[in-house]
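Here is the structure we will look at, set down as structure tokens.
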Amino acid sequence: MSKVAPELHSLLNAQINNEMTASYNYLAMSAWFENTPYGGFAQWMLAQSQEETTHAMKFYHFLIDRGAKVELAAISTPRADFSSPLEVFETSLNQEEQVTTSIHQLYNMAEMHRDHESKNLLNWFLDEQVEEEKAVQDMIDRLRLVGDNPLGLLQLDQEAAQRSPLIDTTTHEGN
Ligand SMILES: [Fe+2]
Ligand SMILES: [Fe+2]
């Protein structure tokens with residue numbers, strides 16, 4: 001028997017889709033970077049893509065733990081082409097701000113239904129969104145600072161490369 005109110009249930013399911021869409025969009029950004037000299041940014045975006053999948057899974061397991069049905073929906077085709085590293089990160093910030101808005105809507109709904117367990121889950125996401133928006137904004141600020149300077153761009157790329165993906169997906173061999 002589901003312990004989640006129907007309105008909240010459908011928003012939680014929609015959030016699985018939002019997080020998976022974010023994951024897929026970041027993967028497309030990573031793929032775009034792979035065909036540029038910026039391997040570090042490619043790695044940063046791959047790590048971010050994997051993190052978004054773990055976010056989707058938090059909602060997925062929460063629904064199951066609360067006896068509510070998981071309903072997966074289609075993910076739209078991600079944008080594949082960009083003009084510069086700055087444009088990619090600006091697109092990323094835009095996406096994070098949209099996700100933050102959806103977390104706010106979920107939080108409001110959880111409050112309306114006095115669903116304390118959902119609020120507890122969503123509190124984690126509020127913190128996470130603050131962190132992610134800041135990380136992306138910092139990168140945008142520094143990309144704007146270096147402009148078209150190749151040395152500056154490569155320096156930022158090297159910094160981005162310090163972030164490791166959660167899972168190594170680089171092997172072409174089967175298990
Ligand atoms: Fe997320
Ligand atoms: Fe995110």
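The values are calculated or read from the model by the stated rules, or taken from the named source; none is laboratory data. All figures in this text were calculated on a predicted structure; none of them were measured in a lab. Quick reminder, even Gly has a Cβ in these numbers, built from the backbone with ideal geometry, and neighbours come from all protein chains shown. Surface accessibility is based on the protein's heavy atoms, side chains included, excluding ligands, DNA and RNA. Shrake-Rupley method; radii C 1.70, N 1.55, O 1.52, S 1.80 Å.
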**Request:** Among T170, F62, Y38, pick out the residue whose Cα is farthest towards the positive end of the charge dipole of the chain, where Lys and Arg carry +1 and Asp and Glu carry -1 on C-beta, about the Cα centre.
**Result:** F62
**Complete:** Applied in sequence order to the stretch 28-43, the curve 6.51 cos²θ - 1.76 cosθ + 1.60 (Karplus, θ = phi - 60°) yields integer Hz couplings, x standing for Gly and Pro, of 5, 5, 4, 4, 4, 5, 4, 9, 10, x, 9, x, x, 5, 4, 5
**Prompt:** Which whole number of Å³ per residue matches the convex hull of the alpha-carbon atoms in the chain?
**Reply:** 123 Å³
**Asked** Tally Lys/Arg at +1 and Asp/Glu at -1 over every other residue whose Cβ is under 14 Å from the Cβ of V146; what's the total?
**Response** -3
**Asked** In the stretch 105-174, which GluC sites (Glu not before Pro) fall in coil by DSSP and have 12 or fewer other Cβ atoms within 10 Å?
**Response** E173
**Asked** Roughly speaking, to the nearest percent, how much of the stretch 80-168's 1.4 Å accessible area is carbon and sulfur?
**Response** 51 percent
**Item:** the chain, accessible area per residue, ligands and nucleic acids excluded (1.4 Å, Å²)
**Value:** 57 Å²
**Fill in**
Candidates R144, R79, R163; GNM for the chain (alpha-carbon contacts under 10 Å) flags as most fluctuating R144
**Prompt:** Taking the Cα centre of the stretch 1-113 as origin and charging only Cβ (+1 Lys, Arg; -1 Asp, Glu), how large is the dipole, in debye to the nearest 20?
**Reply:** 400 debye
**Fill in**
Calculated from DSSP helices alone, with each H run of at least 4 adding -39500 (n - 2.57) and the total divided by the residues of the chain, [θ]222 nm to the nearest 500 comes to -25500 deg cm²/dmol
**Request:** Take the chain, connect every pair of alpha-carbon atoms lying under 10 Å apart with a spring to form a Gaussian network, then pick out the residue of P150, P78, P37 with the largest mean-square fluctuation.
**Result:** P150
**Message:** Through the Karplus equation 6.51 cos²θ - 1.76 cosθ + 1.60, θ set to phi - 60°, convert the phi angles of the stretch 55-67 into ³J(HN,Hα) values in whole Hz; use x for Gly and Pro.
**Reply:** 5, 4, 5, 5, 5, 4, 5, 4, 4, 4, 4, 9, x
**Request:** Please grab the % of Cα pairs in the stretch 87-175 that end up more than 15 Å from each other.
**Result:** 70 percent
**Message:** I need the shape label for the stretch 40-118. Rule: rounded when a/c is under 1.5, else prolate if a/b > b/c, else oblate, with a, b, c from the alpha carbon gyration tensor.
**Reply:** prolate
**Asked** Counting Lys and Arg as +1 and Asp and Glu as -1, what is the net charge of the other residues whose Cβ lies under 12 Å from the Cβ of A14?
**Response** -3
